[in-house]
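Everything on this sheet refers to the single structure shown next.
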Ligand code: PNS
C-alpha cells in the first residue's frame, strides 16, 4: 500500500521525521508530498524543502519526496496511493484533521486517512514554533534535522 504524507514542511521538523520513519515501517512506500502553495510566503522555497526532506530521509529506502499543487486527493490518485498519512499531536489538531479527512473522503471515497500519534517528546513541536525561535536567533538544533538547523543558521 502506498501512502502520501502531505504537508507544508516549512521546514521539516523532528516530529515530521518521526511520522515518516514510523510510517515507512507500516506502508510499502511513503511519498512525502510538499504542497506548493503560491499564495503563502514560506521561509524556504519548495526546492529547498525537497532537498531538506530528501537529505533527512536518505536512510529510508521506501520514502520518496515530491511536490504537488492543487488537491491532495488528485495527487494521491495520480500516484496510485490510497492512504493519506497525518500526525496527531494534541486534541486541538483533531478538529482540523477530522474536517480535512471528511472533506477528502467526499472528494474521493477511495482514500483513507491514517493518523499516527506523534511521539510525546514532539507533541508541542510545529514548523511555526521553529520559525518563531529562528526569527529571534534561538537554537533549533534539538527540533529539526541537522541539515535544516544548518540552513536556518545561514539565515
Ligand atoms: O503541513 P500542513 O500545512 O498542515 O498541511 C496541510 C495540507 C497540505 C495537508 C492541506 O492543506 C492540503 O491537503 N492542501 C491541499 C488542498 C486540498 O487538498 N484541500 C482539501 C482538503 S481540506
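The values are calculated or read from the model by the stated rules, or taken from the named source; none is laboratory data. These numbers were taken from a predicted model, which means no experiment stands behind them. Counting neighbours? That spans all protein chains shown, and the Cβs are built from the backbone with ideal geometry, glycine included.
Which residue is nearest to residue 29 (Cα to Cα), if the candidates are limited to segment 68-82 and must be in a loop (DSSP other than H, G, I, E, B) and touching a residue at least 60 places away in the same chain (Cβ under 8 Å)? Break it down stepwise before answering.
First pass over segment 68-82, keeping only residues in a loop (DSSP other than H, G, I, E, B): 69-71, 79-82.
Filter once more, keeping what is touching a residue at least 60 places away in the same chain (Cβ under 8 Å): 79-82.
Working: 79: 11, 80: 11, 81: 9, 82: 11 Å.
Ranking the qualifying residues of segment 68-82, first place goes to 81.
Residues that are more than 14 Å from the ligand (Cβ to nearest atom), crowded, with 16+ Cβ neighbours inside 10 Å, outside any helix (DSSP H, G or I) and in contact (Cβ under 8 Å) with a residue 60 or more places away in the chain within segment 1-38 comprise just one, 2. Being at pLDDT 95 or above, touching a helix residue (DSSP H, G or I) at 6+ places or on another chain (Cβ under 8 Å) and assigned to a loop (DSSP other than H, G, I, E, B) holds for only one residue in 140, 148, and it is 140. Among the criteria (1) closer than 17 Å to residue 10 by Cβ; (2) more than 10 Å from the ligand (Cβ to nearest atom), the one residue 90 does not fulfil is (1).
Among 59, 142, 41, which is the only one that is surrounded by fewer than 18 Cβ atoms within 10 Å (Cβ to Cβ), under 21 Å from residue 24 (Cα atoms) and more than 13 Å from the ligand (Cβ to nearest atom)? Don't jump to the end; show me each part of the working.
Details: 142 fails: under 21 Å from residue 24 (Cα atoms); 41 fails: under 21 Å from residue 24 (Cα atoms).
One residue alone meets the criteria, 59.
Tally time: how many residues in segment 94-126 are closer than 21 Å to residue 9 by Cβ, in contact with a helix residue (DSSP H, G or I) (Cβ under 8 Å, 6 or more places away or on another chain) and within 13 Å of the ligand (Cβ to nearest atom)? So the count comes out to 7.
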